[in-house]
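First the structure, in the form of structure tokens, and then the observations on it.
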Amino acid sequence: MRIAYLHDGSIPTDRAAGVRAVRMCDALVDAGHQVVLYARAGSVPDGDLYAYYGTRNRFEVRPVAQPAVPLLGPWLRALRVRAELRLRAVPDLLYGDDRLALLACSGLAPMVHEADRLPAGRLDRALEHRLLRRRRLRRVVAGSHALAEELLRSLPPSTRTDRLTALPGADPVPADGPVAQLPGREGAVRIGWIGRPSTGRGTGLLLALAERLPEADFHLVGGTEAEVRHWRDRCRSANVHFHGHRPPSRIAHYLRAFDLVLAPHQQHADGAARRTVPTGLLEYLAHGRAVVASDHPVLRELLTDEVNSLLCPPDSVEDWVKAIRRLTEDQELRERLATGALRQHLTHHTWHARAARVLDGLPADHRPWR
């Protein structure tokens, strides 16, 4: 099948949405489909997009620029996407998270809408409702049950489009690949975290834990220079190491070097973080790492206490300290949780499994969210 993936962000980028788009395209190509990814232009220091993401396939990525026209720019870009599709050959399926481009191209081919966020504001809601009424829309895909429930409440009563929840994935990784050379003390427990530093994602809790656990080294991977500078200025512990943004292809190097990993989502996280399963958490599972995580609804969609993780109240530093010390002192527990995490990933959360689930049965009869 020929699939045009319509993405509303830049490629390449350091954003999780871009990683998800590229990983899905890679999995779709593995499944035998011909894929072209349409996105906004990005930039990579070494110039090789495929090396940056570490893809298995070199599928086509076509940047479509947005005209610098106030208010009309996004609409004009959507029409440019439509013109390119008509010029190059109309695909068998339109797939993606770009609402405007899907609307502009809705008469060309069947569509699958990757609803990666709630509509923001009146205009965005109107666009979403209009898209959901399109005759050729075959399926709406939500990346978490939390997002699915809120989307369902926001849908117009007349919407009967097939709806599906499909959590993000991670690619299986060999255990014997390259390992990052980390700064810090020889013999210290290496505690890792992957993501964009922010209050809602628990960076403040990470710094508090570092103060309470001076015997461990904390390694924070991710974030722009400005974000890293903001949190480094607030850090009072010598055992915290900020690594900043790393290409997605190198994240595995760091995860192999960590003894355990943290997912400290906070209850007051912003709207997107409350409903989005963190990409880094899927990578934790894929690498078979023991996880300590917040007892947070969206994280519980993946994690089960004492099975593949230890779950703690998001705002209790004392409980986190106890959980981390349990893992550092009990190798058998650490290995059992790591095995549970890897089993969870291989059974349910590879990108291949997600791609097959999203496209299964298309076109399909209308059915309730599941």
Verdict on residue 39 being outside any loop (DSSP other than H, G, I, E, B), over 23 Å from the mean Cα position of the chain (by Cα) and under 29 Å from residue 277 (Cα atoms): no
Verdict on residue 303 being open to solvent by less than 40 Å² (accessible area, probe 1.4 Å) and farther than 23 Å from residue 21 by Cα: yes
Residue identified as without any contact (Cβ under 8 Å) to a residue 40 or more places away in the chain, part of a helix (DSSP H, G or I) and open to solvent by 10 Å² or more (accessible area, probe 1.4 Å) among 229, 246: 229
Qualifying position, being hydrophobic (A, V, I, L, M, F, W, C) and at pLDDT below 95, among 299, 310: 299
Given (1) under 17 Å from the mean Cα position of the chain (by Cα); (2) modelled with pLDDT under 95; (3) not charged (D, E, K, R), number of the condition residue 193 does not satisfy: (2)
Condition check for residue 182: in contact with a Ser or Thr (Cβ under 7 Å, 6 or more places away or on another chain), open to solvent by 10 Å² or more (accessible area, probe 1.4 Å) and assigned to a loop (DSSP other than H, G, I, E, B): no
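I'd like the full set of residues that are in contact with a His (Cβ under 8 Å, 6 or more places away or on another chain) and either open to solvent by 10 Å² or more (accessible area, probe 1.4 Å) or under 21 Å from residue 355 (Cβ atoms) (or both), limited to region 120-148.
137, 139, 140, 141
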Leading residue by the ranking (modelled with the lowest pLDDT) among those in region 1-32 that are over 17 Å from the mean Cα position of the chain (by Cα) and open to solvent by 40 Å² or more (accessible area, probe 1.4 Å): 1
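Suppose we filter 222, 204, 200 for residues that are on the phi > 0 side of the Ramachandran plot and either touching a helix residue (DSSP H, G or I) at 6+ places or on another chain (Cβ under 9 Å) or surrounded by fewer than 15 Cβ atoms within 10 Å (Cβ to Cβ) (or both); which single one remains?
Numbers: 204 fails: on the phi > 0 side of the Ramachandran plot; 200 fails: on the phi > 0 side of the Ramachandran plot.
Selected residue: 222, the only one of 222, 204, 200 that is on the phi > 0 side of the Ramachandran plot and either touching a helix residue (DSSP H, G or I) at 6+ places or on another chain (Cβ under 9 Å) or surrounded by fewer than 15 Cβ atoms within 10 Å (Cβ to Cβ) (or both).
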Which listed residue, of 216, 252, 238, is in contact (Cβ under 8 Å) with a residue 60 or more places away in the chain and either of a type in the set (D, E, K, R) or over 14 Å from residue 191 (Cβ atoms) (or both): 252
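State whether one or more residues within region 169-187 are among the charged types (D, E, K, R) and within 24 Å of the chain's Cα centre (by Cα). Before you say what the answer is, go through the steps one by one.
As a first pass, look at region 169-187 and keep what is among the charged types (D, E, K, R): 171, 176, 185-186.
Restricting the remaining residues to those that are within 24 Å of the chain's Cα centre (by Cα) gives 171.
Taking every residue of region 169-187 in turn, at least one turns out to be among the charged types (D, E, K, R) and within 24 Å of the chain's Cα centre (by Cα).
Inspect region 51-59 for any residue being open to solvent by less than 30 Å² (accessible area, probe 1.4 Å), more than 18 Å from residue 19 (Cβ to Cβ) and among the β-branched types (Val, Ile, Thr) and give the result as yes or no.
No, every residue in region 51-59 fails to be open to solvent by less than 30 Å² (accessible area, probe 1.4 Å), more than 18 Å from residue 19 (Cβ to Cβ) and among the β-branched types (Val, Ile, Thr).
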In region 266-290, the residues that are assigned to a helix (DSSP H, G or I), modelled with pLDDT of 75 or more and of a type outside the set (Asp, Glu): 275, 279, 280, 281, 282, 284, 285, 286
Subset of region 295-325 (residues that are in a helix (DSSP H, G or I) and touching a strand residue (DSSP E or B) at 6+ places or on another chain (Cβ under 7 Å)): 299, 319, 320, 323, 324
Count of residues meeting criterion [assigned to a strand (DSSP E or B) and among the charged types (D, E, K, R)] in region 1-36: 2
Matching residues in region 310-322 - criterion: being free of Cβ contacts under 8 Å to residues at least 60 places away in the same chain, open to solvent by less than 10 Å² (accessible area, probe 1.4 Å) and under 18 Å from residue 204 (Cβ atoms): 312
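The values are calculated or read from the model by the stated rules, or taken from the named source; none is laboratory data. Bear in mind the structure is a predicted one, so any value in this text is a computation, not a measurement. Note that each Cβ is placed from the backbone with ideal geometry, even for glycine, and that neighbours are counted across all protein chains shown. Ligands, DNA and RNA are excluded from the accessible area calculation, which covers all protein heavy atoms including side chains. Shrake-Rupley method; radii C 1.70, N 1.55, O 1.52, S 1.80 Å.
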